[in-house]
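Read through the structure below, which is laid out as structure tokens, and then see the notes.
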Amino acid sequence: MGTTDADFLTSSASILVALVTIIFLLHRTWPHLSQPKVDEVTGSTVITSSNDSGLTVSKVSDIPEGWWNGRKVFELERRALFSQTWLYLAHCSQFQKPGSYQSFDVAGFPVFLIRGKDDKIRAFHNICRHRAYAITRKETGASAILGCRYHGWSYDSTGRLVKAPHFDDVPGFDKSQNSLFEVHTHNTDQGMIFMNLNCGEPAAFGSEVASTLSGFARMASLEAKSTWVAGQTLSGGFNWKVGARARHLEVYTSQLHRRMSEVSGPSPVMNLVRSVTRKSTLEEYSLFPTTHVYSFRNADLCLALSFFPASESKTNIRFDLFARSAVNEPEIQKMSEVLQSATKNLIGEIELEYQYILSKQGSSGELNNTDTLQILGQLKEHTKLERIEGGQILPAMHNPEGSTLFQRAEQQLDCVGDGSQNSSQNDTSPNALDW
């Protein structure tokens, strides 16, 4: 039987409908396929290292005893994670002039950032090379010369030892071999400063991370010339992993969005334009393992929130707010008050959750968290290497050059009669900064 015109038209119409349907479905699903991977627990985009070799952990039994409050776990985290991972610390706008510095305590590693006379921002261990006392005791400040108060050793903004009382005429002592221990840094084009404590050659800063972070910075209007508005470090009584997993951060950021828009926001016309042009953009990014970055689209503001462990049960929470342009003093004051109040409330919520977790001895649901899997993977990999080596591997520990000469000079100085150097119970060998 021959094909009729009606059959032909029906067949053509069916094909056309099918093609239109396929094109429509591709149009609807393509934005989701092209978006970065989203954390199923927090709903936020996660920027992590490209090295995912440890993400094979899947059993509840893989979570070691003391995961939330064990000293051994915390010490392993210091060796396996914080000693060799790129960690966000600050933005270049926080260092306005040569000598401007800011100190941090990251998992028991005291470090500080400082802008040198050459305009370069460097990171150093916050430890004097003489007797391991702190160089900077304030969180922030500005000084061309930083001096240890114990015996007066002084360093310039490049970390070079410029003054060592009683050592100038001691044979075998060389100032050039007793500079501060420098820490690796990476500065993004948007002015974000990362550090890596590995005293050897650290892993390269991930190109995928840099690219994704660059996209977020464009959306958030974060640039090297952005203005630092306000910042503060607060402390909380919880394990850092409870804070970093961001269970309470959605409420925290939604409140800040509303309150920041009340303090400083564009005109209704600009709000309408942004609601159209930025409708499908994300507002939050997670920088493994400690930092979350947020864009306040209605106020041209960007917030960095970091959870730096101080011990197995104490965490320092650092927040810094940045603006696209200068902000007047009354607005700065209001924004600071809003941030401080909201962050204190956040800390209180996390502390309550931490106590609940301890009472329940953890939760198997944690294995669904991408960050938890990556942390576990890195701890397991490092433990495997330590078993092969037959002892602890300390990536952040320095073995200074000229240690024999230093010891000889130290012995000669002690013979002269500087008894105060032997009187402190806290004295530490300068040649073995055992973290």
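Can you tell me which residue in region 156-194 is nearest to the chain's Cα centre (by Cα), limited to those that are farther than 30 Å from HIS292 by Cα and in a strand (DSSP E or B)? Of everything passing the filter in region 156-194, ASP156 is nearest to the chain's Cα centre (by Cα). Among the listed residues VAL46, VAL57, which satisfies the condition of being β-branched (Val, Ile, Thr), buried (at least 16 other Cβ atoms within 10 Å of the Cβ), part of a loop (DSSP other than H, G, I, E, B) and modelled with pLDDT under 95? Answer to the check: VAL57.
The residue that is surrounded by the fewest Cβ atoms within 10 Å (Cβ to Cβ), counting only those in region 142-155 that are in contact with a Leu (Cβ under 8 Å, 6 or more places away or on another chain) and assigned to a strand (DSSP E or B), is SER154.
Filtered by the rule that a residue be among the polar types (S, T, N, Q) and loosely packed, with under 14 Cβ neighbours inside 10 Å, region 312-344 gives SER325, ASN328, GLN333, SER341. Residues that are outside any helix (DSSP H, G or I), of a type in the set (S, T, N, Q) and either in contact with a helix residue (DSSP H, G or I) (Cβ under 7 Å, 6 or more places away or on another chain) or closer than 23 Å to GLU331 by Cβ (or both): does region 195-202 have at least one? No, every residue in region 195-202 fails to be outside any helix (DSSP H, G or I), of a type in the set (S, T, N, Q) and either in contact with a helix residue (DSSP H, G or I) (Cβ under 7 Å, 6 or more places away or on another chain) or closer than 23 Å to GLU331 by Cβ (or both). Of all residues in region 75-118, exactly one satisfies the criterion of being in a strand (DSSP E or B), among the aromatic types (Phe, Trp, Tyr) and farther than 25 Å from ASN178 by Cβ, namely TYR88.
Of everything in region 126-139 that is β-branched (Val, Ile, Thr) and touching a residue at least 40 places away in the same chain (Cβ under 8 Å), the residue that is surrounded by the fewest Cβ atoms within 10 Å (Cβ to Cβ) is ILE127. For region 119-141, give me each residue that is closer than 23 Å to THR227 by Cβ and either assigned to a loop (DSSP other than H, G, I, E, B) or of a type outside the set (Gly, Ala, Ser) (or both). ASP119, LYS120, ILE121, ARG122, LYS138, GLU139, THR140 - these are the residues of region 119-141 that are closer than 23 Å to THR227 by Cβ and either assigned to a loop (DSSP other than H, G, I, E, B) or of a type outside the set (Gly, Ala, Ser) (or both).
For region 210-229, name all the residues that are in contact (Cβ under 8 Å) with a residue 24 or more places away in the chain and either of a type in the set (Ser, Thr, Tyr) or surrounded by 20 or more Cβ atoms within 10 Å (Cβ to Cβ) (or both). Give the steps one after another, and end with the answer.
Step one: of region 210-229, the residues in contact (Cβ under 8 Å) with a residue 24 or more places away in the chain are 212-214, 216-217, 219-229.
Selection gives THR212, LEU213, SER214, PHE216, ALA217, ALA220, SER221, LEU222, SER226, THR227, VAL229.
Show the residue pairs that are 6+ apart or on different chains and have beta-carbon atoms under 8 Å apart, the first residue being within region 98-125 and under 18 Å from HIS186 (Cβ atoms), the second being among the basic types (Lys, Arg) and assigned to a strand (DSSP E or B). Every condition considered, the pairs that remain are PHE104/ARG318; LEU113/ARG122; ILE114/ARG122; GLY116/ARG122; ILE121/ARG115.
The values are calculated or read from the model by the stated rules, or taken from the named source; none is laboratory data. Keep in mind the model is a prediction, meaning the values are calculated, not measured. All Cβ positions, glycine included, derive from the backbone under ideal geometry; neighbour counts span all protein chains shown.
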